[in-house]
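Below is one structure, written out as structure tokens; the observations come after it.
Readers should treat all values here as calculations from the given coordinates under stated rules, not as data from a laboratory. All figures in this text were calculated on a predicted structure; none of them were measured in a lab. A quick note on method: Cβ atoms are made from the backbone with ideal geometry, for glycine too, and the neighbour counts reach across all protein chains shown.
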């Protein structure tokens, strides 16, 4: 749906689920991929581990949800094209309509991840020192 208006409802439908967001983050720098490559990358990001560390069960679980839920929904919104037979995933013209929103959301997610990864927190509240680790 290239040229479709970027409404709040459309943004919510496309970006409302973390797995869909991650798929779109991947497509920001990859015009073409396949469901197997996408599945292993998303599983790695979701588990905060390397692609080579992702086990088969995790990859399969992500692949099933992409195949039956997320990729068809993104295709309905004209963001990507998904060939069920070959497993190919390609950015559709409608992706460019949403690119600015996807880029902003990715930047926000990256900032939040950096804050979450800050393991130690300390400070002063009403003269009382405190420190804790997560």
query = Which value, in nm² and rounded to one decimal, describes the direction-averaged projected area of the C-alpha convex hull of segment 54-103?
reply = 4.2
key: Extended-chain gain in nm, criterion 0.36 nm per residue less alpha-carbon gap, residue 61 and residue 88   = 7.9 nm
ask   = How much of the calculated P(r) for segment 1-76 lies past 17 Å, in percent of all Cα pairs?
value = 45
inquiry  = Between residue 53 and residue 101, how high is the FRET efficiency from 1/(1 + (r/R0)^6) when r is the Cβ-Cβ distance and R₀ = 35 Å? Nearest 0.05.
reply    = 0.70
query = Tell me, in nm to one decimal, what length is gained between residue 28 and residue 69 on full extension, where the rule is 0.36 nm per residue of separation less the Cα-Cα distance?
reply = 12.7 nm
request  = Would you mind computing the Rg to Rh ratio of segment 8-133 from its alpha-carbon coordinates, Kirkwood style for Rh?
outcome  = 1.10
task = Could I have the simple spin-label model distance between residue 37 and residue 7, label points 7 Å from Cα toward Cβ, reported in nm to one decimal?
result = 3.5
